[in-house]
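All remarks here apply to the structure that follows.
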Amino acid sequence: MDIHWAALGGVFGVSLGITLLTVVLFSLGVAAQPRGDGGGHGGGHGGERTRGANRTATAAALLCFGACLAVAVYGLTLIIGG
């Protein structure tokens, strides 16, 4: 029985890289979620700007979570589908 160390190392490297990418994307998504602590308080002083920032943060968070979901679904299709 021969072990192809180069192939094993390649699989390990790609797996580690995708895992780290997914963790970083999920962490960025959690960090980008708006906290809900400033939407419209203060009598019109920056309320529109805060809402725009909240929309941008929500879009960024959804993009990160969507990328994580895409990675997970692709991995499952590689495992299940044949």
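The values are calculated or read from the model by the stated rules, or taken from the named source; none is laboratory data. Since the structure is predicted, the reported quantities are computational estimates derived from the model, not experimental observations. All Cβ positions, glycine included, derive from the backbone under ideal geometry; neighbour counts span all protein chains shown.
What number goes with the only condition from (1) surrounded by 10 or more Cβ atoms within 10 Å (Cβ to Cβ); (2) modelled with pLDDT of 90 or more; (3) not in a helix (DSSP H, G or I) that Gly38 does not pass?
(2)
From (1) modelled with pLDDT of 90 or more; (2) out of contact with any helix residue (DSSP H, G or I) (no Cβ under 7 Å at 6 or more places or on another chain); (3) surrounded by 12 or more Cβ atoms within 10 Å (Cβ to Cβ), pick out the condition that doesn't hold for Ala53.
Failed condition: (1).
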